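The values are calculated or read from the model by the stated rules, or taken from the named source; none is laboratory data. All of these numbers come straight from a predicted model, not from anything done at the bench. Cβ coordinates were reconstructed from backbone atoms using ideal geometry, including for glycine residues, and neighbour counts include every protein chain displayed. These area figures cover heavy atoms from the full protein model, side chains too; ligands, DNA and RNA do not enter into them. Shrake-Rupley method; radii C 1.70, N 1.55, O 1.52, S 1.80 Å.
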Amino acid sequence: MTMHLYINTTSPFVRLVRLAIEEKGLTSKVELEIVDPWGDPAAFLKANPAGRVPVLTTDDDHIIAEAHLILRYLDEIAQPSIFPSEDLARTLSIAAPALGATEAATAIIIGRKSSEAFDTDMVGSKRYRTMADGLARLEKALPRDFADRPDIANFAAVTAVDYIVFRFTDRDWLADLPNLRAWRDRQKGHPSVEATMPYI
């Protein structure tokens with residue numbers, strides 16, 4: 001039986017899950033369904049009343065919403081683990097600011113739907129600061145390359161960098177981050193990275 005995953009083509013949280021699916025060799029076992037979360041399709045809302053992607057239906061019909069919970073499940077059923085035991089604390093400490101930057105970026109995109117001034121109000125300004133600070137921390141503590149080992153840190157880092165560059169085109173976010181730019185350049189061509197790039 002095939003698992004089913006609700007996605008859209010821009011969500012960074014979907015990308016985290018899709019990176020895991022690719023790296024664990026589960027692509028043929030997961031059926032992807034593109035959905036517009038803002039359109040509130042009935043079947044999607046039945047699966048996840050919160051109306052957020054990703055949502056995974058397992059092959060025994062359990063429904064799991066929220067990217068981090070899906071990642072936990074995928075780590076249980078297939079190797080390699082994206083939470084490496086030998087340097088877990090370091091890996092998680094690198095992933096954390098990247099995930100925070102991604103959360104901030106999505107908060108701005110969503111906030112713009114309710115307020116044209118969201119970018120410059122108190123909340124929006126804090127979210128911009130979080131994005132910049134998250135990338136700056138990655139500059140000082142880079143994750144491993146995908147070619148060395150796929151893990152939650154490089155998943156989070158490539159997702160944060162690519163989503164911010166994709167959504168916020170008014171500046172060069174990596175202009176003053178040469179280490180992070182070089183790290184991202186080294187990931188070019190890696191199959192899971194290329195297969196999960198965001199697009200509209």
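Does R127 fit the bill of being within 20 Å of W173 (Cβ to Cβ), over 16 Å from the mean Cα position of the chain (by Cα) and open to solvent by 80 Å² or more (accessible area, probe 1.4 Å)?
Considered against the rule, which asks whether it is within 20 Å of W173 (Cβ to Cβ), over 16 Å from the mean Cα position of the chain (by Cα) and open to solvent by 80 Å² or more (accessible area, probe 1.4 Å), R127 comes out as no.
Find the residue count for the stretch 29-43, including only residues that are within 19 Å of R15 (Cβ to Cβ) and over 20 Å from the mean Cα position of the chain (by Cα).
Adding up the residues that qualify gives 1.
I'm trying to understand the selection: among the residues of the stretch 46-62, which are part of a helix (DSSP H, G or I) and surrounded by 15 or more Cβ atoms within 10 Å (Cβ to Cβ)?
A47
Could you give me the residue pairs with C-beta distances under 6 Å whose first residue belongs to the stretch 1-25 and is within 19 Å of P41 (Cα to Cα) and in a strand (DSSP E or B), whose second residue is open to solvent by 10 Å² or more (accessible area, probe 1.4 Å) and not hydrophobic (A, V, I, L, M, F, W, C) wherever it lies, and which are 6+ apart or on separate chains?
Here the result reads H4/E31; H4/T57; Y6/E33, each pair linking the stretch 1-25 to a residue that is open to solvent by 10 Å² or more (accessible area, probe 1.4 Å) and not hydrophobic (A, V, I, L, M, F, W, C).
Could you count how many residues in the stretch 1-18 are buried (at least 18 other Cβ atoms within 10 Å of the Cβ), among the hydrophobic types (A, V, I, L, M, F, W, C) and out of contact with any Pro (no Cβ under 7 Å at 6 or more places or on another chain)?
2
Out of all the residues in the stretch 74-88, is one or more hydroxyl-bearing (S, T, Y) and either in a helix (DSSP H, G or I) or within 30 Å of S125 (Cα to Cα) (or both)? Show your work before the answer.
Filtering the stretch 74-88 for residues hydroxyl-bearing (S, T, Y) gives 81, 85.
With the extra rule that they be either in a helix (DSSP H, G or I) or within 30 Å of S125 (Cα to Cα) (or both), the set shrinks to none.
Scanning the stretch 74-88, I find no residue that is hydroxyl-bearing (S, T, Y) and either in a helix (DSSP H, G or I) or within 30 Å of S125 (Cα to Cα) (or both), so the answer is no.
Of R184, R149, which residue is open to solvent by 20 Å² or more (accessible area, probe 1.4 Å), in contact with a helix residue (DSSP H, G or I) (Cβ under 6 Å, 6 or more places away or on another chain) and over 20 Å from D119 (Cβ atoms)?
R184
Against the condition open to solvent by less than 70 Å² (accessible area, probe 1.4 Å) and over 18 Å from the mean Cα position of the chain (by Cα), how does L174 come out, does it pass?
Considered against the rule, which asks whether it is open to solvent by less than 70 Å² (accessible area, probe 1.4 Å) and over 18 Å from the mean Cα position of the chain (by Cα), L174 comes out as yes.
Quick test for you: out of T196, T169, pick the one residue that is among the polar types (S, T, N, Q) and surrounded by 11 or more Cβ atoms within 10 Å (Cβ to Cβ).
Exactly one residue qualifies, and that residue is T196.
Is there any pair linking a residue in the stretch 172-193 that is at positive phi to one that is surrounded by 11 or more Cβ atoms within 10 Å (Cβ to Cβ), with Cβ under 6 Å and at least six apart or on different chains, and which?
Hits for this filter: zero, empty list.
Every residue, every condition in (1) surrounded by fewer than 20 Cβ atoms within 10 Å (Cβ to Cβ); (2) over 15 Å from A153 (Cα atoms), yes or no:
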residue	(1), (2)
Y73	yes, yes
A78	yes, yes
S85	yes, no
R90	yes, no
T102	no, no
I110	yes, yes
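Among residues belonging to the stretch 27-45 that are hydrophobic (A, V, I, L, M, F, W, C) and out of contact with any Leu (no Cβ under 6 Å at 6 or more places or on another chain), point out the one that is most open to solvent (accessible area, probe 1.4 Å). Talk me through it step by step, then tell me what you get.
Here is the first cut: in the stretch 27-45, the ones hydrophobic (A, V, I, L, M, F, W, C) are 30, 32, 34-35, 38, 42-45.
From what is left, the residues that are out of contact with any Leu (no Cβ under 6 Å at 6 or more places or on another chain) are 34-35, 38, 42-45.
On the way: I34: 108, V35: 17, W38: 158, A42: 83, A43: 65, F44: 1, L45: 54 Å².
That would be W38.
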